[in-house]
Each structure stands twice: as C-alpha cells, then as structure tokens.
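Here is the structure we will look at, set down as structure tokens.
The values are calculated or read from the model by the stated rules, or taken from the named source; none is laboratory data. All values derive from a computational prediction rather than experimental measurement. We place every Cβ from the backbone using ideal geometry, glycine too, and count neighbours over all the protein chains shown.
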Amino acid sequence: MRAAAAALRDHGAELIFHVGDVGGRHVLDEMKEIESAFVWGDTDKDRMGLLRHAQRIGVACYGVLADVEFDGKRVAFLHGDDKKLLQRLLAEQQHDFVIWGHGLEPEDKVFGKTHVVHPGSLYGGTERSAALIDTESNVVQRVKV
C-alpha cells in the first residue's frame with residue numbers, strides 16, 4: 001500500500017479510497033498522509049479493530065457501501081463481493097461512477113450512464129495497479145504500482 005499511496009499522491013490524488021480487503025492497520029497508516037476512506041471487504045475480519053484505528057488516525061470508514069458526491073458526480077464505492085448489490089447499483093443507474101474492488105483484474109467500462117471502475121489489485125493480480133479518477137473530466141487513469 002505504501003507504493004500505491006505514494007504513486008497516487010505523485011499523480012495529484014486529493015483522496016485515496018480503498019475498496020476493501022484492507023488487510024490490517026498498517027494499510028490504514030499508509031493512507032493517513034492524504035484524505036482517505038475505505039469500505040469493508042470480505043476478508044476484513046477485525047472490523048472493530050480497523051474501525052477504531054481508522055477513527056484514531058482520521059481515515060473514514062463507510063462500512064459496506066459509500067454513496068458520496070464529488071464535483072457534482074454521484075459515486076458509489078463498494079467491495080463488490082455482494083454481486084446482488086453491485087448489480088442493483090448498475091441496474092438503478094443512479095450513480096455516475098461505481099467503483100468496486102473484489103477480484104484481481106482492472107476494469108474501466110461504461111454501463112448505461114454509469115462509469116464502472118475496478119482499480120486492479122495490489123496483491124495477486126497480473127499487475128499491481130490503482131486507479132486515479134478525475135471526477136470533473138470523467139477520465140480514469142490506471143496507475144501501475
């Protein structure tokens with residue numbers, strides 16, 4: 001996570017949003033140098049410990065689903081292991097972006113009015129990557145880590 005956070009900051013990121021499977025407090029520690037948030041993943045077992053640590057260091061926890069607005073764009077962040085939730089968000093067409101993280105390979109596609117983004121994986125995928133999203137221009141840039 002250290003390399004990903006540094007790469008995103010170097011590319012001008014204003015916010016880091018982790019889409020689940022945080023893995024431990026050390027990951028949150030790497031995120032605290034910039035405004036940061038996360039949602040739970042299916043492997044995040046010590047949720048109370050992660051939540052307390054996140055509160056202490058100023059990293060926001062949104063639980064299972066974050067529904068936020070940036071630059072007038074409605075953005076949903078979720079881990080994506082709940083496929084019914086992911087499919088419902090896509091079917092509803094209420095979000096400009098749906099960003100999810102369960103799985104290993106990156107995705108960048110448009111489904112109806114919704115831009116669907118999977119940033120890739122920092123562990124286990126063919127390439128380690130993150131995504132830098134400009135919500136003003138709707139441009140998604142894959143950042144190799």
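What to note about this one:
- Residue match in segment 68-77 (condition: within 22 Å of A13 (Cβ to Cβ), surrounded by fewer than 19 Cβ atoms within 10 Å (Cβ to Cβ), of a type outside the set (A, V, I, L, M, F, W, C) and within 13 Å of the chain's Cα centre (by Cα)): no
- Condition broken by E33, with the remaining ones in (1) out of contact with any strand residue (DSSP E or B) (no Cβ under 8 Å at 6 or more places or on another chain); (2) surrounded by fewer than 14 Cβ atoms within 10 Å (Cβ to Cβ); (3) charged (D, E, K, R); (4) over 19 Å from A13 (Cα atoms) satisfied: (4)
Okay, residues lined up against (1) at pLDDT below 95; (2) of a type in the set (G, A, S); (3) in contact with a helix residue (DSSP H, G or I) (Cβ under 7 Å, 6 or more places away or on another chain):
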position: H115; (1), (2), (3): no, no, no
position: P119; (1), (2), (3): no, no, no
position: T126; (1), (2), (3): yes, no, no
position: S129; (1), (2), (3): yes, yes, no
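- The residue of segment 108-131 that is farthest from V19 (Cα to Cα), among those that are among the small types (G, A, S) and either free of Cβ contacts under 8 Å to residues at least 12 places away in the same chain or crowded, with 19+ Cβ neighbours inside 10 Å (or both), is S129.
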